[in-house]
Amino acid sequence: MWYSLLAKALMFACHRYIRPLNARAFSDISYAHINHLLDAFPHRELYSLNCQLASFSRNGNFLATWALFCHMHSVCPKFDAYTFTPILGACSALPGPERGRQVHALMLKTGTDLGTVTKTALIDMYSKYGYLGDSVKAFQEVKFQDVVSWNSLFSSFLRHGLAKEALGVFSKMRREVVEFSEFTLCSLLKACASIAAFQPGKQVHALVVVTGRDLVVLGTALIDFYSSIGHISEAMKVFSTLSWTKDDVMCNSFITRCVQNRRYKEAFSIISVMKPNVVALTSALSACCENSDLWIGMQIHCVATRFGFTSDTQLCNKLIDMYAKCGKILNARSLFNGIFHKDVVSWTSMIDAYGRHGHGHEALELFSKMEQEGNKVSPNSVTFLAVLSACGHSGLVEEGRELFNLVEKKCGLVPGVEHYSCLIDILGRAGRMEDVWCLFGDMEKNGIRPTAAVWAALMNACRINLDVARGELAAKKLLELEPNNPGNYIMLSNFYASLGMWDFVDSLRGHMKESRLIKEAGNSWVTVPHLVPTS
């Protein structure tokens, strides 16, 4: 009785979840094809059906896996663990927990939920649903807890961001004298990386070396661990010891980490020993932008041209940024004109490049061209900020104000707090203090809460225009929001210095010294061109 009811429930679920998706959801399989498969198998053997079920799941055809399972349920009187393992994996990849709970209920009814393999699949499924408690409960019900089930529990805690608890799982696993695998060590390194635990990660590295584990598997995990917490030198040591050919994924990830940590020399050294690809070159261009290294940037451009990568819009966008930051605005514009598929980043990068070099009129012209219907690219809030900033750099006060007032009507962009901050700065530098405070009032009327950037812009405007009372108000609000930002104290100190109030300057400097608030020193890059030896 219950079996027929459950079969009806499963078939109802199948119709509910699959039929509304129509043919597009079944690019690889359809109901007719499934029926054909069932007819093709002699006597509908469970082994053959399980193989097909596993094949669908392995290939990522999760809806097809579910459809076949529902049809199997209507024709097969019994299932085994090899039936439930792939369907549980498919359920965890499909939206909503209903399917998984139905399958679990069927497992309980048929008594096939007791095996280690099916329990491990349940641990993984509930973890992916976000039900960590059910995942732990399923693990506790495993009679023979092998390394795979422990790894699944470990991954469950990591998936929920509980790295310390995951390390506790490993400690308990060791107390239970369960032999760990390479997957266990990879998960350990991920846990250490997520909490920046350098020493525990070093211990895992030592464990890898002492136990002679396979570095083909663990090499990437070790490099990712060290580089993610900023220990690039350690990561380079591991990278240099790997004797096999490094794949592009590992190299690209490592290059990105080097650039994030401003270790540009290491990033370029990795690129020099690998076959160029778009991702690696884009990351290297980020280093050139930060380093203002035009020479290497031009070499990367040549390599990209030689290998046909200049059709990649993202790479070209980064080239525009590199040329602009290196002062080559004409090169940037030439490259921009040659991009076939310009996206919003392309337009924004070029507008920002003009603004950075004081070409405000060109930035406004390009923004107007972007608004034209034929371009099919709409400006976003970042584009709006870039063109406003360009007006500020070029002293185009009225143009900036007009743009601010019309951008919502023309482009559908609602000014945000960063746009108000930029316009406040423009008006303040032009000495239009009454307009500054009117704009600030409008911002509050529109329900936009002022941030530290807004108060900083207000205080700077008051400093330029010697507005003492309102400048002190802005300074007070700024220090309330960011009491430990040394830059704010320097700005306030400059404000008082411009007014000749040196006692306040000394007091602020003394407070910074006592509180050990040290502003990061400014720096300038000077790139020495590489000299080509002459014969």
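One table, with the values for the structure above:
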quantity	calculated
Sparse-neighbourhood loop sites, chymotrypsin sites (Phe, Trp or Tyr not before Pro) in region 93-166 - DSSP loop, at most 13 other Cβ within 10 angstrom	PHE144
Where Rh is the Kirkwood radius over Cα pairs, Rg/Rh for region 185-306	1.01
Rounded if a/c under 1.5, otherwise prolate or oblate - region 334-479, Cα gyration tensor axes	prolate
³J(HN,Hα), Karplus 6.51/-1.76/1.60, whole Hz, each residue of region 422-429, x for Gly, Pro	5, 5, 4, 5, 4, 5, x, 5
Simple spin-label estimate for LYS172 and GLN199 in nanometres, 7 Å along Cα-Cβ	2.5 nm
For the chain, with +1 on Lys and Arg beta carbons and -1 on Asp and Glu, the positive-most of ALA284, SER368, MET72 along the dipole	MET72
Over region 131-226: Rg over Rh, Cα atoms, Kirkwood Rh	0.96
Using alpha carbons only: equivalent-ellipsoid semi-axes of region 206-245, gyration tensor based, whole Å	16, 12, 8
Rounded to whole Hz, the Karplus (6.51, -1.76, 1.60) HN-Hα couplings of region 223-235, x for glycine and proline	4, 5, 4, 5, 6, 5, 9, x, 9, 5, 4, 5, 5
Under DSSP loop assignment and at most 16 Cβ neighbours within 10 Å, longest GluC sites (Glu not before Pro)-free interval of the chain	180-519
Per residue Cα convex hull volume in Å³ - calculated over the chain	253 Å³
Over region 306-397 - Rg/Rh using Cα atoms and the Kirkwood inverse-distance radius	0.97
Of all accessible heavy-atom area on region 117-158, the percent that carbon and sulfur account for (1.4 Å)	56 percent
Between 0 and 90°, nearest 10: helix 31-40 axis offset from the chain longest Cα axis	30 degrees
J(HN,Hα) series, region 481-490, from Karplus relation 6.51 cos²θ - 1.76 cosθ + 1.60, nearest Hz, glycine and proline x	7, 9, x, 10, 8, x, x, 5, 5, 5
log₁₀ of I(q)/I(0) at q = 0.26 Å⁻¹ - region 259-313, Debye sum with one point per alpha carbon	-1.10
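The values are calculated or read from the model by the stated rules, or taken from the named source; none is laboratory data. Computed from a predicted structure; not experimentally measured. Every residue, glycine among them, receives a Cβ derived from its backbone with ideal geometry; neighbour counts consider all protein chains shown. Calculation scope for accessible area: heavy atoms of the full protein, side chains included, ligands and nucleic acids excluded. Shrake-Rupley method; radii C 1.70, N 1.55, O 1.52, S 1.80 Å.
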